[in-house]
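The values are calculated or read from the model by the stated rules, or taken from the named source; none is laboratory data. Keep in mind the model is a prediction, meaning the values are calculated, not measured. Note that each Cβ is placed from the backbone with ideal geometry, even for glycine, and that neighbours are counted across all protein chains shown. Only protein heavy atoms, including side chains, enter the accessible area calculation; ligands, DNA and RNA are left aside. Shrake-Rupley method; radii C 1.70, N 1.55, O 1.52, S 1.80 Å.
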Amino acid sequence: MTKNNNVIENATVVIHNNNIKSINDSVPSEATIIDGKGKWLIPGLIDMHVHTLSSGSFSRGYATRGSTVNFNTQNLMTPYIANGVTTVFELSGRLGHFSQRDKIMEKSVIGPRMAIAAVIDGKGNEIKATTALEGRQSVRNAKGLRYRFIKVYTWLNEETFKAVIDEAEKQNMKVVGHIPTTFEGKPTEDLFVPHFGLIAHAEELSKQTNDYSYEKAQEFARLAKENNTWLIPNLSNMDWISKQAESLESIQNLSSLKYVHPLMKSKWLNSNRYYGASPKLIEFYNKQKDFHTQIVKAFKEEGVPMLAGTDAGISGIVWGFSLHDELELLVEAGLTTEEVLASATRLPAEWLEIDDKIGTIETGKFADLILLDKNPLEKIGNTRSISGVFVNGKWLDKTKIDTMLLKVAKWNDAHKEKYQWKNRKNL
């Protein structure tokens with residue numbers, strides 16, 4: 001998956017510790033051999049938009065009280081790695097995510113690499129800022145807490161939004177996120193602020209206009225190109241919103257639902273924020289969904305880089321499994337299989353500025369790899385045909401992956417009565 005993307009046939013890849021030591025060179029005599037004959041080796045996948053659960057509390061508690069809902073970190077991470085997702089971009093960063101990342105790095109948990117963004121918003125998110133001064137201080141505070149990225153959110157006013165982005169540039173922190181509602185009705189060029197480097201959803205663009213023409217999509221693409229703003233199309237987001245707005249059967253029938261923590265499963269099925277929408281709203285969702293396809297086509301035409309991200313954690317969008325759905329939606333929207341694979345490997349690594357470490361299969365990089373039974377260049381759905389995964393150099397074959405998934409499913413089933421969304425404040 002390098003830029004040239006030459007397919008290496010009959011390759012021998014030597015992994016030592018957690019790095020790719022050589023490709024088509026000599027094999028050490030003491031090496032363990034994994035037979036990949038007839039299979040395909042690709043870089044580990046990167047989901048650039050996830051919301052991973054982390055321990056916390058739904059009740060106010062008291063000064064010395066800790067989390068009342070504690071999630072098993074391995075159970076949360078298993079669906080990612082079972083699907084070959086070896087890096088994630090956490091876009092609802094909390095301190096609990098740093099603890100998860102530390103457990104993964106110290107190898108007490110097998111999980112993906114985690115990049116974490118601090119959310120700055122004008123309302124009740126983790127970090128609230130309503131003035132330019134508060135916005136700038138919030139960025140500095142986030143950097144002090146070891147965040148490397150800033151996520152701007154929906155309810156920032158224009159002055160604070162611009163101040164956050166400007167301060168992030170001064171602090172050498174990249175910015176991802178939403179386009180605030182304050183820009184609705186304003187000239188399109190106002191949406192693209194220098195150093196606003198990555199839009200979290202195509203929906204952020206469709207919310208800013210009533211003109212769902214291809215010409216409007218082309219305008220967005222041109223301005224994004226001029227501003228060097230990349231895009232996470234996140235087609236899964238509106239696809240799942242429109243499905244569950246009409247019926248919850250789409251969620252009930254998910255084969256991956258058994259790997260969802262019972263608290264979230266209960267929320268998705270019993271307190272679903274989208275189910276029961278009016279026919280008019282459902283029609284609007286479907287129009288947005290169609291326009292997002294036009295946006296993908298326009299951004300491709302303009303040459304704006306696009307990154308695969310799913311909004312995993314939103315109802316119906318299951319961690320790990322959903323990335324394969326997203327890749328298929330991107331192909332349906334007009335990207336080639338090669339372009340889609342790049343959107344989930346090399347390009348995300350480049351935006352995260354870790355492309356010297358992951359994203360391609362090259363000597364010296366971390367051994368985050370997927371061995372597939374079928375060629376993903378022929379059909380993107382073949383990314384699901386996982387024979388095994390290397391996670392930071394650790395080999396997990398299909399039998400091991402299935403065993404880990406079964407453990408998650410059994411735990412979830414055994415605890416389904418305890419974790420009901422309606423009783424969350426009493427946990």
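Laid out as a table, the results:
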item: Matching option when the condition is within 21 Å of LYS151 (Cα to Cα) and at pLDDT 95 or above, among VAL296, VAL304; result: VAL304
item: Pick from segment 141-157, criterion more than 19 Å from GLY197 (Cβ to Cβ) and assigned to a helix (DSSP H, G or I), ranking: least open to solvent (accessible area, probe 1.4 Å); result: GLY144
item: Subset of segment 266-286 (residues that are outside any loop (DSSP other than H, G, I, E, B) and not basic (Lys, Arg)); result: SER266, TRP268, LEU269, ASN270, PRO279, LEU281, ILE282, GLU283, PHE284, TYR285, ASN286
item: Test: residue in segment 116-124 that is open to solvent by 10 Å² or more (accessible area, probe 1.4 Å), over 30 Å from LYS394 (Cα atoms) and either among the basic types (Lys, Arg) or at pLDDT 95 or above (or both); result: yes
item: Number of the condition not met by ALA63 [criteria: (1) open to solvent by 50 Å² or more (accessible area, probe 1.4 Å); (2) of a type in the set (A, V, I, L, M); (3) closer than 30 Å to LEU263 by Cβ; (4) part of a strand (DSSP E or B)]; result: (4)
item: Selection from segment 1-50 of residues that are closer than 20 Å to ASP397 by Cα, open to solvent by 90 Å² or more (accessible area, probe 1.4 Å) and of a type in the set (Val, Ile, Thr); result: THR32, ILE33
item: Set GLU215, GLU203: member being out of contact with any Pro (no Cβ under 8 Å at 6 or more places or on another chain), open to solvent by 20 Å² or more (accessible area, probe 1.4 Å) and either farther than 19 Å from VAL119 by Cβ or among the β-branched types (Val, Ile, Thr) (or both); result: GLU215
item: Cβ pairs under 6 Å, 6+ apart, first in segment 87-104 and within 17 Å of PHE366 (Cβ to Cβ) and assigned to a loop (DSSP other than H, G, I, E, B), second among the acidic types (Asp, Glu) and open to solvent by 60 Å² or more (accessible area, probe 1.4 Å); result: none
item: Test for LEU76: is it closer than 22 Å to ILE314 by Cβ, in contact (Cβ under 8 Å) with a residue 60 or more places away in the chain and open to solvent by 10 Å² or more (accessible area, probe 1.4 Å); result: yes
item: In segment 296-331, the residues that are more than 27 Å from THR52 (Cα to Cα) and out of contact with any Asp or Glu (no Cβ under 9 Å at 6 or more places or on another chain); result: LYS297, PHE299, GLU301, GLU302, GLY303, VAL304
item: Selection count where residues are surrounded by fewer than 24 Cβ atoms within 10 Å (Cβ to Cβ), among the small types (Gly, Ala, Ser) and not in a loop (DSSP other than H, G, I, E, B), scope segment 288-320; result: 1
item: From GLU203, GLU215, residue being touching a His at 6+ places or on another chain (Cβ under 8 Å) and not small (Gly, Ala, Ser); result: GLU203
item: Test: residue in segment 119-138 that is of a type in the set (A, V, I, L, M, F, W, C), under 16 Å from the mean Cα position of the chain (by Cα) and farther than 30 Å from ASP402 by Cα; result: yes
item: Within segment 158-177, considering residues that are in a loop (DSSP other than H, G, I, E, B) and not hydrophobic (A, V, I, L, M, F, W, C), the one least open to solvent (accessible area, probe 1.4 Å); result: GLN171
item: Meets criteria (closer than 20 Å to LYS297 by Cβ and either surrounded by fewer than 17 Cβ atoms within 10 Å (Cβ to Cβ) or of a type outside the set (Ser, Thr, Tyr) (or both)) for PHE196; result: no
item: Qualifying residues in segment 218-236 (those that are open to solvent by less than 10 Å² (accessible area, probe 1.4 Å) and polar (S, T, N, Q)) - the one nearest to PHE149 (Cα to Cα); result: THR229
item: Residue within segment 36-55 that is closer than 29 Å to LYS425 by Cβ, at pLDDT below 95, part of a loop (DSSP other than H, G, I, E, B) and among the polar types (S, T, N, Q) present; result: yes
item: Residue in segment 83-100 that is closer than 28 Å to ILE42 by Cβ, open to solvent by 10 Å² or more (accessible area, probe 1.4 Å), out of contact with any Ser or Thr (no Cβ under 9 Å at 6 or more places or on another chain) and at pLDDT 95 or above present; result: no
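Per-residue answers, yes or no, for (1) under 30 Å from ALA342 (Cα atoms); (2) over 19 Å from the mean Cα position of the chain (by Cα):
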| position | (1), (2) |
| --- | --- |
| HIS51 | yes, no |
| GLY56 | no, yes |
| ARG65 | no, yes |
| PHE71 | no, yes |
| MET77 | yes, no |
| VAL85 | yes, no |
| PHE89 | yes, no |
| PHE98 | yes, no |
| GLU106 | yes, yes |
